[in-house]
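Inspection log for the structure reproduced underneath, given as structure tokens.
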Amino acid sequence: MNIPFTTHTLGNGLDVLLHEDHSCPIVAVSLWYHVGSKNERLGHTGFAHLFEHLMFEGSQHYDRGYFHPLQAAGASLNGSTNADRTNYWEVVPANALELALWMESDRMGYLLPALTQAKFSNQRHVVLNERRQNYENRPYGLSSMAMLAALFPPDHPYHWTTIGEIEDLNRATLDEAQAFSRRYYHPANASLAIAGDIDTEATLASVDAYFGELESGPRAEPVVARAALQADIRLLLEDRVELPRLHIAWLTPAMFGPLDAELDLAADVLANGKTSRLYRRLVFDERIATDVSAAQNSREIGGFLQITATAAPGHALDEVERAVIQEVKCLGADGPTSDEMERGRVQAEAQFVFRLQTVGGFGGKADQLNAYNVFLKNTGFFDRDLARYQAATPQSLQGSIGTYLLQAPRVTLSVVPRGRTGLAVPDSTPAHVS
């Protein structure tokens, strides 16, 4: 993969990544802040996601909703927060690039003067409502909270979800939000990628004009934490659902770490598509499940591989668990076939190329440039990233299964209809989620 780009760092520490592509008269602006829910601490969760909302509420020199002027110019825009980063992006017509840069620079440098108690309280209620919609009132919605809390100890920054805890959000103060902003939302903790129909030199001059005068901030210290399961954990969660669902997860390496790619391919072999091992057995042959999926959830300081299956009517989760573990053991003992390896590599390459079909948005060239720069400090990691999958062998995939799945404890969560705990995996204890 050859994505030409140039890198620059302003005097205040802002990294600037520029990719010139004149194939379409649009420009993607992608701004990443190296802050997510892992930068929070126990008892003070939800700030990174809350601040994502506050950044759309106006800044000192444009103290109104952020969307209107950009959408009026023909732009699409959004933002998101996860455990490791917060991103904001705009895809604009080429002649609206200056507007996007001005808007992003103003909220980077001048958000706090416009941040009022009324805005803070309003967006806190918005986040709490989002939590109710996406977790509390969604079928199986609390399972991710239960799984993270079991996989990672209470003082680990992946113990909580990005949305935050209700009690923490309710007692959060405007002063705490302002302190969080000063610590993380500044040029020295940000990476700005611009891709599309630009002139590199002129664009760099514009970036310097809009961002160069902003004050730098303190370099955020890397978050260091370790997690280890000492024994298997079996949990039970009653929910307002029709069918029981099983989640099984193991702790795995961090993003881009050794065997991360192999475990990604292993998840693909196990449960990606109708020809995968678990789909064929659970859904097609034995018909004990209605669906099954697997994913290697790679994060900056640690990951976890999770398999999820929903039991078919008339079947309990212990039956599903036996079949899942048997297939994992079979893959670990015999390794994948050559056809499975080739299919996995082809799908990995296809997904990789698919992400780069656009210049920006969620995914796209600008987003990927930022990801490599923020997490690896190696913006040109494209070829090496894809090479991780191309270099994987049946033996290395087999070894990753043995090391991280077969020889390690796991967390098993049974989500069952209320009052039907007999459908859960035996010896499960109630999970406590808030």
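The values are calculated or read from the model by the stated rules, or taken from the named source; none is laboratory data. Because the structure is a prediction, the values reported are computed rather than measured. We place every Cβ from the backbone using ideal geometry, glycine too, and count neighbours over all the protein chains shown. What goes into the accessible areas is simple: the full protein's heavy atoms, side chains included, and nothing from ligands, DNA or RNA. Shrake-Rupley method; radii C 1.70, N 1.55, O 1.52, S 1.80 Å.
For the chain, the longest principal axis of the alpha carbon atoms and the long axis of helix 317-334 meet at an angle near 80°.
Please get the size of the charge dipole for region 80-178, origin at its Cα centre, with Cβ charges of +1 on Lys and Arg and -1 on Asp and Glu, quoted in debye to the nearest 20. All intermediate terms of the calculation are to be shown ahead of the outcome.
Numbers: 8 positive and 13 negative charges, 61 e Å.
For this selection, approximately 300 debye.
Charge tally for Arg226 (other residues, Cβ to Cβ under 14 Å; Lys, Arg +1; Asp, Glu -1): 0. Dipole orientation for region 347-434: of the candidates Val415, Gly364, Gln398, Val415 has the Cα lying most toward the positive pole (charges on Cβ; Lys, Arg +1; Asp, Glu -1).
Expressed in Å, the radius of gyration and Dmax of the Cα atoms of the chain are 23.0, 67. Across the accessible surface of the chain, with the other protein chains kept in place and a 1.4 Å probe, carbon and sulfur atoms take up 50 percent.
Grab the DSSP H runs of the chain that are 4 residues or longer, score each as -39,500 (n - 2.57), total them, divide by all residues and round the 222 nm result to the nearest 500 deg cm²/dmol. Before the final figure, lay out the partial values.
Working: 14 runs with 157 residues, N = 434.
Computed ellipticity for the chain at 222 nm equals -11000 deg cm²/dmol.
Computed over the chain with a Gaussian network model linking Cα atoms closer than 10 Å, the most mobile of Leu386, Leu265, Leu278 is Leu386. Summing charges over all other residues whose Cβ lies under 13 Å from the Cβ of Asp155, with Lys and Arg as +1 and Asp and Glu as -1, gives +2.
Which net charge results for the neighbourhood of His44, defined as the other residues with beta-carbon distances under 13 angstrom from its beta-carbon, given Lys and Arg at +1 and Asp and Glu at -1? Present the calculation step by step, with values, prior to reporting the outcome.
Details: positive: Lys38, Arg41, Arg171, Arg183; negative: Glu40, Asp155, Glu165, Glu167, Asp168, Asp175, Glu176.
Its environment carries a net charge of -3.
Excluding the site residues themselves, the longest part of the chain lacking any trypsin sites (Lys or Arg not before Pro) in a DSSP loop with at most 15 other Cβ atoms within 10 Å is 65-218. Taking the longest Cα principal axis of the chain as reference, the axis of helix 97-109 is set at about 80 degrees.
Annotation: amide H-H contacts under 5 Å for Val16 (H modelled 1.01 Å from N, sequence separation of 5 or more, or interchain): His8, Thr9, Leu10, Leu192. Couplings for region 152-165, taken from phi via the Karplus curve 6.51 cos²θ - 1.76 cosθ + 1.60 with θ = phi - 60°, read 10, x, x, 8, 8, x, 9, 5, 10, 7, 5, 5, x, 8 Hz in order; Gly and Pro are left as x.
Based on C-alpha pairs under 8 angstrom that are at least 6 apart in sequence, region 341-384 has a relative contact order of 18 percent. For a straight C-alpha distance cut-off of 12 angstrom, the aspartates and glutamates reachable from Lys377 (same-chain residues fewer than eight places away being disregarded) are Asp15.
By the gyration tensor of its Cα atoms, with a ≥ b ≥ c the square roots of the eigenvalues, what is the shape of region 1-81: rounded for a/c under 1.5, prolate for a/b over b/c, or oblate?
Values: a/c = 2.09, a/b = 1.30, b/c = 1.60.
Oblate, because a/c is 1.5 or more while a/b does not exceed b/c.
Compared with the dominant principal axis of the Cα atoms in the chain, helix 117-131 is inclined by about 30°. Straight Cα distances below 13 angstrom link Lys38 to the aspartates and glutamates Asp84, Asp155, Glu221, Glu300, with same-chain residues fewer than 8 positions distant left out. When DSSP beta bridges are restricted to pairs lying wholly in the chain, around 75% turn out antiparallel. For region 243-309, the fraction of C-alpha pairs farther apart than 13 angstrom is 61 percent.
Based on Cα contacts under 8 Å between residues 6+ apart, region 1-157 shows a relative contact order of 24 percent. Its relative contact order, with pairs defined as Cα atoms under 8 Å and 6+ residues apart, puts region 37-123 at 34 percent. Counting only GluC sites (Glu not before Pro) that sit in a DSSP loop (anything but H, G, I, E, B) with at most 13 other Cβ atoms within 10 Å, what is the longest stretch of the chain containing none of them? Value returned for the longest uninterrupted segment is 1-212.
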